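Since the structure comes first, as structure tokens, the remarks are kept for the end.
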Amino acid sequence: MKRLITLTVNDQEYQLEVPAYRLLVDVLREDLELTGTKEGCGIGVCGACTVLLDGKLVSSCLTLAAKADGSRITTIEGLGKNGALHPLQRSFIEHGGFQCGFCTPGQIITAKALLDINHNPTEEEVKEWMSGNLCRCTGYYKILESILAVARA
Amino acid sequence: MATEFAVVGKRLPRFEGNEKVTGEARYIADITLPGVIQGKILRSPYPHARILNIDTSRARRLPGVRGVVTAQDTLKRRWGAFQQDQPVLAIDKVRYVGEEVAAVAAVDEETALEALSLIDVEYEELPPVFDPEAAMEPDAPLVHEDKERNIAMRINVERGDVAQAFAHAHCVVEEAFQSTLHWHAAIETIGSVAHFSGGKLTLWMNTQTLFMARHRVAWAMGLREGDVRIIQSAVGGGFGGKSCDDNNAMVCALLAMKTGRPVRIINEREEEFLAGSRPRVPMKVYIKMGFRRDGLILAKELRIIADNGAYTGKAAGILSVAALRHDTCYKFENVKTDAYLVYTNKIPTGAFRGFGNPSIEFALEQALDMGAEKLGLDPVAVARLNAAEPGYVSPHGNRVGSCELKKCIDEAARLIGWEEKQKHKVLGRGLGVGCTAHVSGKRHFGDYDGGSALIKVNEDGKVYIWSGEGEIGQGTNTVLCQIAAEELGVPIEDVEISTADTDLTPYCHGAYASRLTYIAGNAVKAAAAEAKRQLLEVAGESLEANPQDLEIQGGRIYVQGAPEGRSTTVAEAAYSRLFRRGGAPIVGFGSFDPDSQLSDQNRYGNESGAYNFACQAAEVAVDTETGQVKVLSYVSVADCGTVVNPVGAEGQLEGSIAQGLGYALAEGLTMEEGRPLNPNFHDYKILTMADMPPFQRDFVPSYEPTGPFGAKGLGELGMDPVAAVIANAINDAVGVRITTLPITPEKVLKALREKGKTG
Ligand code: FES
Ligand code: FES
């Protein structure tokens, strides 16, 4: 059974016909070719597929696309304006907040959600908030540094 | 020795930063080709069973299915890095849960999955064997019928006179240790996209060793190596797990060849745990160590039983590292090792950051600590007394060049506050220390451990490096660009590096054995030197100067010592060498093979061109009510020669600690009859940001004369001793010695209770 849904992704509106069981991560990556959103575990644990849905963090690997009908979604491709990088993106580059980069879109989206609601988080708040985003490369120290640098700027 | 460099040693941002923070980087799952179809693999549900029959007819008839393959569709060739014992698809029997039995390619994933459910396999279960020691018993079931007592390999060496040295020892310690399976758990799983057209197989892979993958795929598929082209996608973490020791690319290639369509196979996370990246080799280690009164190690005896799993992969190399490498870290004279690699009905084990060192050091570094304790000596002093020095030759022939291990020990002790804290002991808190030695490349494949690179200088002065080593997230491309920029004297912004591609770059072994900074770095430096020679030759004409008298800085070429005088630029030189009658572009080729040796029959030989060292220390608090271990602070100090890129180098130590602490305290899967019960990230817990302790890392001043600008390897060092350091700190805190991994609160509690009983 297919359903017609409307998604506003990174300020652009899309009308899509999707099967009831289709996951948001697949719609983003395959139908809309927004491959910046990654899949690492498929069960809502690693955070690689994190996107903003009406301003809230969701694991797109656990979200049915049909359930997102009518919502506004922000993916990593939606950060930064007019070709300029978002301050978090710049900071991750400057402070070495990534190595392989596979977790990075999810890390940056999650960090953005925090800074959107809390302009000046403590180190502990950042650690707590970010603990749903796994990274196997960095040991997290430089991710933390990258986020705190933006918060303190 | 260390001079001021223009580019080397600078905190430069990563080469590929932009594409990684914007989501533009193309990982394997992001690569599509027109008409690509989905491959899926049917896996064995049994640890050990005979395959009586496979009926694929129902699957073939399913609409949307483009191909179904079993072993009958292969050449039935076995393949592997050191021992060719692994089939592409199981032949006649399966040897572990998750082994590839059949595969399908279909128009979409749902159809492919449905087709898998329509393949009927008739099995006859065979008695399995899971414990390597049990597998060596005479009546144990055989995993491979031709491998007596399931032994894949044995290393048995004695150097010096061990019995006599033990007889003179003032103190002897003896213990048995057991390490565990440890998965890479890179956030990106293994995947491949294959296309076969006009007799040529093109494979996009997220592999860290492209040319080795090419060799193995060509062999298994019966193609010439030149008819296989491997192109590296962006790689979402390797750590040894993406070294093409598994069958993902093989099956993908087979399906592409059978169907004539491009095929994609990306491992699900569950598949990655069952049969993807080859986890760390678990080892049972019986160790006996004898000491002089002052803590000097007199003798060491090891018996190692290593779990090979069902197929050999890299475990053969790993066993030799476990058996011999650590004797490069401390000065040993009398050592005896009897080491076995044993087949079991479990996932094949293999290369994971540290390559044998973490498994063995869990035992060795604890034995050293036990010796210090028994002698009433400070473990830091004992480590220092025994530490390797420049000029030391290990009993197995490893020749130590640059070595600042003692400085590492001093610095680690200082940073953790060792002396102060030992003086003012706090109840339930303790300190631990451990050291390691690692290589910068290891000579084995074809008696060649070299690297090569090409560099062209475009007519606008922009420099392009062709390298086939491959970036896997470790930052190698940035390091190689820095080395090229330094040698050529051009701004780093003017240097670019290729994607690794076996058709377009010279042969490169790839990313393993912490080899790239040292070996690829030297190759790139040589290529840059040749390009520079060509540039200076042309510049000499226009500046009417002897090329030997010229130098390049910031892209400007002028007479040495006279930067204000007449000058030209790299761009002008490259342009004028090309655009003239009989002109030619500037292209430099560079190659480097270190002065190391392939070990001989008796396993003697200097395995690497340079050795890197580290010392680590930790402070932990142990809750005696719950058994919880809290790491209060951790210190890691390395000697990797010149640090080419501090941001990247720090990142290597930081990432290593996260993996090491996971190995020490948390990571593992519950196995039942050779089957992981919950092969996913719920049950396999890797550390999160909130779990990370305060961490200090540092690099001691060091210069390796044979390294590019003094640099040597670093990638694995930080992982090696972590589990032992934590175990030593726990013992210091509460007086219990944990001998099996991971160190769970239950184990600590149990040990505390037993200690309470015996007083
Ligand atoms: S892929 Fe969605 S949380 Fe891991
Ligand atoms: S940078 Fe590799 S997983 Fe985070």
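Computed values, structure above
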{"item": "Cβ-Cβ under 9 Å pairs, at least 6 apart or on other chains, segment B:85-113 side assigned by TED's automatic domain parsing to the domain that holds B:N678, far side among the basic types (K, R) and assigned to a strand (DSSP E or B)", "result": "none"}
{"item": "B:N156 being within 14 Å of chain A (Cβ to nearest Cβ) and not basic (K, R)", "result": "no"}
{"item": "Qualifying residue in segment B:30-43 (condition: in contact (Cβ under 8 Å) with a residue 60 or more places away in the chain and under 26 Å from the mean Cα position of the chain (by Cα))", "result": "yes"}
{"item": "Qualifying strands (runs of 3 or more DSSP E) (wholly inside segment B:450-520; at least 1 residues being among the acidic types (D, E))", "result": "B:495-497"}
{"item": "Yes/no for A:T8 being away from ligand 2 (no atom under 16 Å from the Cβ), β-branched (V, I, T) and touching a helix residue (DSSP H, G or I) at 6+ places or on another chain (Cβ under 7 Å)", "result": "no"}
{"item": "Number of positions in segment A:92-102 that are within 15 Å of ligand 2 (Cβ to nearest atom) and in a helix (DSSP H, G or I)", "result": "2"}
{"item": "Counted residues, segment A:82-91 - those being within 10 Å of chain B (Cβ to nearest Cβ) and among the aliphatic types (A, V, I, L, M)", "result": "2"}
{"item": "Matching residues in segment B:133-165 - criterion: being closer than 23 Å to B:R43 by Cβ and touching a Pro at 6+ places or on another chain (Cβ under 9 Å)", "result": "B:A135, B:P141, B:V143, B:N150"}
{"item": "Selection status of B:A711, in the same structural domain as B:G309 (by TED's automatic domain parsing), buried (at least 20 other Cβ atoms within 10 Å of the Cβ) and either basic (K, R) or over 22 Å from the mean Cα position of the chain (by Cα) (or both)", "result": "no"}
{"item": "Of all residues making up segment A:131-142, the number that are without any contact (Cβ under 8 Å) to a residue 24 or more places away in the chain and either surrounded by fewer than 24 Cβ atoms within 10 Å (Cβ to Cβ) or β-branched (V, I, T) (or both)", "result": "2"}
{"item": "Residues (touching a strand residue (DSSP E or B) at 6+ places or on another chain (Cβ under 6 Å) and either of a type in the set (A, V, I, L, M) or assigned to a loop (DSSP other than H, G, I, E, B) (or both)) located in segment A:38-57", "result": "A:G44, A:C49, A:V51, A:L52, A:L53, A:D54, A:L57"}
{"item": "Of the criteria (1) within 14 Å of chain A (Cβ to nearest Cβ); (2) not in a helix (DSSP H, G or I), which one B:A690 fails", "result": "(2)"}
{"item": "Qualifying residue in segment B:246-258 (condition: surrounded by 23 or more Cβ atoms within 10 Å (Cβ to Cβ) and within 12 Å of another protein chain (Cβ to nearest Cβ))", "result": "no"}
{"item": "Search result, residues across segment B:116-140 that are within 23 Å of B:E100 (Cβ to Cβ) and of a type in the set (A, V, I, L, M, F, W, C)", "result": "B:L116, B:L118, B:I119, B:V121, B:L126, B:V129, B:F130, B:A135"}
{"item": "Hits in segment A:32-45 (condition: at positive phi and near ligand 1 (Cβ under 9 Å from one of its atoms))", "result": "A:G42, A:G44"}
{"item": "Selection count, segment B:693-712, where residues are more than 26 Å from B:A186 (Cα to Cα) and facing chain A (nearest Cβ under 9 Å)", "result": "0"}
{"item": "Residues that are at the interface with chain B (Cβ under 8 Å from one of its Cβ atoms), part of a helix (DSSP H, G or I) and within 14 Å of ligand 2 (Cβ to nearest atom), drawn from segment A:103-126", "result": "A:T104, A:P105, A:I108"}
{"item": "Scan of segment B:465-481 for residues that are more than 11 Å from chain A (Cβ to nearest Cβ) and among the small types (G, A, S), ordered by number", "result": "B:S467, B:G468, B:G470"}
{"item": "Selection status of B:Q474, buried (at least 24 other Cβ atoms within 10 Å of the Cβ) and in contact (Cβ under 8 Å) with a residue 12 or more places away in the chain", "result": "yes"}
{"item": "Any chance A:R22 is away from ligand 1 (no atom under 14 Å from the Cβ), within 12 Å of chain B (Cβ to nearest Cβ) and of a type outside the set (S, T, Y)", "result": "yes"}
{"item": "Yes/no for B:A658 being out of contact with any strand residue (DSSP E or B) (no Cβ under 6 Å at 6 or more places or on another chain), buried (at least 24 other Cβ atoms within 10 Å of the Cβ) and part of a helix (DSSP H, G or I)", "result": "yes"}
{"item": "Boolean, B:F239 is out of contact with any strand residue (DSSP E or B) (no Cβ under 6 Å at 6 or more places or on another chain) and of a type outside the set (D, E)", "result": "yes"}
{"item": "Residue check, A:L4 in contact with a strand residue (DSSP E or B) (Cβ under 8 Å, 6 or more places away or on another chain) and within 16 Å of ligand 1 (Cβ to nearest atom)", "result": "no"}
{"item": "Members of segment B:280-304 that are touching a strand residue (DSSP E or B) at 6+ places or on another chain (Cβ under 7 Å) and not in a strand (DSSP E or B)", "result": "B:V281, B:P282, B:R292"}
{"item": "So B:A727, is it away from ligand 2 (no atom under 16 Å from the Cβ), of a type in the set (G, A, S), closer than 30 Å to B:P47 by Cβ and crowded, with 20+ Cβ neighbours inside 10 Å", "result": "no"}
{"item": "Complete set of residues in segment A:127-153 that are touching a Ser or Thr at 6+ places or on another chain (Cβ under 8 Å), facing chain B (nearest Cβ under 10 Å) and either in a loop (DSSP other than H, G, I, E, B) or not small (G, A, S) (or both)", "result": "A:W129, A:M130, A:S131, A:G132, A:N133, A:L134, A:G139, A:Y140, A:I147"}
{"item": "Filtered residues of segment B:732-759 (kept if in a helix (DSSP H, G or I) and surrounded by fewer than 20 Cβ atoms within 10 Å (Cβ to Cβ))", "result": "B:P745, B:E746, B:K747, B:L749, B:K750, B:L752, B:R753, B:E754, B:K755, B:G756, B:K757, B:T758"}
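Conditions (1) away from ligand 1 (no atom under 14 Å from the Cβ); (2) away from chain B (no Cβ under 11 Å); (3) modelled with pLDDT of 95 or more, marked per residue:
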{"site": "A:E30", "(1), (2), (3)": "yes, no, yes"}
{"site": "A:G47", "(1), (2), (3)": "no, no, yes"}
{"site": "A:T50", "(1), (2), (3)": "no, yes, yes"}
{"site": "A:L57", "(1), (2), (3)": "no, yes, yes"}
{"site": "A:L64", "(1), (2), (3)": "no, yes, yes"}
{"site": "A:S71", "(1), (2), (3)": "yes, yes, yes"}
{"site": "A:G80", "(1), (2), (3)": "yes, no, no"}
{"site": "A:I93", "(1), (2), (3)": "yes, no, yes"}
{"site": "A:G101", "(1), (2), (3)": "yes, no, yes"}
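The values are calculated or read from the model by the stated rules, or taken from the named source; none is laboratory data. Predicted model only: the values in this text are computed from it and were never measured. FYI the Cβ positions are ideal-geometry reconstructions off the backbone, even for glycines, and counts take in every protein chain you see.
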